[in-house]
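Just below is one structure, and these are the notes that go with it.
The values are calculated or read from the model by the stated rules, or taken from the named source; none is laboratory data. Please read all numbers here as calculations on a predicted model, not as lab measurements. Counting neighbours? That spans all protein chains shown, and the Cβs are built from the backbone with ideal geometry, glycine included. Side chains are part of the model used for accessible areas, which takes the heavy atoms of the whole protein and leaves out ligands, DNA and RNA. Shrake-Rupley method; radii C 1.70, N 1.55, O 1.52, S 1.80 Å.
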Amino acid sequence: MGRCSNYIRTLFLISAGIIGLVVTPTSGQERTVASIVEQFNPYTLDLPADIGDRHQCFAVYETDPFGAPRTIVAAYSDGTDARIRVLRARGGTFDVIAEPSPDLFLFGAWCDVTLADVDADGRKDVRVDFSVNRDTVSWLFRWDGQLLWNLTPTRETAVGGYQMSSFVNGDLVDADNDGTKEIFVQPASPQLSGEPLLPPVLYRLVGSRYVEAMRLVGMWNFSRETSTLGTDTVSVSVPPYARGPYTLRVVNGLPGGTARVMGAELRINGKEVLSPADFDNNVGVIERAVTLLPENELTVRLVGQPSTEIQILIESERWTP
């Protein structure tokens, strides 16, 4: 009876409009953030235990002067469908004040909400990850205090016209050393013999949405954590549709000039591409034309102080089809 009455109460509140759904804390009851978030689990995801497995995750976006949560970004899942909600404190209560556009195809099981400034504007943006089988499907949003704007590159579903995230098994990277993050997506390896090896894709933020900027031969990160010199070698396979010419780009350190290497040796198939003389603390990005075979070996040796890093991308100017 208790479950039924709660359901009817929730349905009644929702019939008045999801935005503005209010939960008032019991007088004198101290509630954790998790319990606040739990109160706003959408009734559509409240399935019996033998049908769905309910999960929630959250991040506190903003606190009041006393450190109490003021704005919370929460995500919910029942193992298949998912929802994202922004909760805000108002006069001793929390309200649902925003949700993403309803045309986004949100789904998954376990979830994670993190905050990071992806566009170097000084404001925190929202990343929500959902696990889907062995994959991680990610969404990026910009919160402007009123609306949750989708930044994620999407593709339309075959049925229903929903927008599905293209940010799958990807990472946020700074491919230009300018402080604005790009999305790097490495497609899964072919499962069947004869399937083509799809190239990695780099998405750049253009206005209010990430769009595909280029396909890549690959991207790799190298770091030096100790004073001991070492050499790293990786195999580089050229995707079948890449036609060149090829450009190798090195992003030295982090935006702002930190963590830069003072020197490095880069070789492709034994041929020197860059030497320590090409690096110093003022060099943020280096580009060189390179020649590639179908299968290649990239060798990297970092010199200088520990706690430094470089990122290497190899681009192809032409692709077919």
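Dimensions of the stretch 240-321 based on its C-alpha atoms, expressed as ranges along the principal axes with the largest first, amount to 42, 27, 18 Å. Ordering Ile310, Ser237, Leu192 by Cα displacement along the dipole of the chain toward the positive end leaves Leu192 in first place; charges were set at the Cβ atoms of Lys, Arg (+1) and Asp, Glu (-1).
Mind pulling the angle between the C-alpha long axis of helix 2-15 and the longest principal axis of the chain? Nearest 10 degrees, somewhere in 0 to 90. Roughly 80 degrees, rounded to the nearest 10. Given the options Pro306, Pro153, Pro199, state which has the largest fluctuation in a GNM of the chain using a 10 Å cut-off (strictly under) for Cα springs. Sorting by GNM fluctuation, first place goes to Pro306.
Here the calculated FRET efficiency for Ala289 and Val173, from their Cβ-Cβ distance with R0 = 30 Å, stands at 0.85, rounded to the nearest 0.05.
Between Thr154, Thr228, Thr299, the Gaussian network model of the chain with springs among Cα atoms under 10 angstrom shows the greatest mean-square fluctuation at Thr228. The distance from the alpha carbon centre of the stretch 248-321 to that of the stretch 157-211 is 22 Å, rounded to a whole number. A convex hull fitted around the alpha carbon atoms of the chain yields 189 Å³ per residue. Net length available on complete extension from Val234 to Met262 is 7.9 nm, with 0.36 nm assigned per residue and the Cα-Cα distance removed. Considering only Gly230, Gly244, Gly284, the mean-square fluctuation computed in a Gaussian network model of the chain, springs between alpha carbons under 10 angstrom, is largest for Gly230.
Near Gln305, once Lys and Arg are set to +1 and Asp and Glu to -1 for all other residues with Cβ below 15 Å from its Cβ, the sum equals 0. Given R0 = 22 Å, the distance between the Cβ atoms of Tyr43 and Arg90 translates into a calculated FRET efficiency of 0.50. These residues, Thr114, Thr291, go from largest to smallest accessible area, 1.4 Å probe, as Thr291, Thr114.
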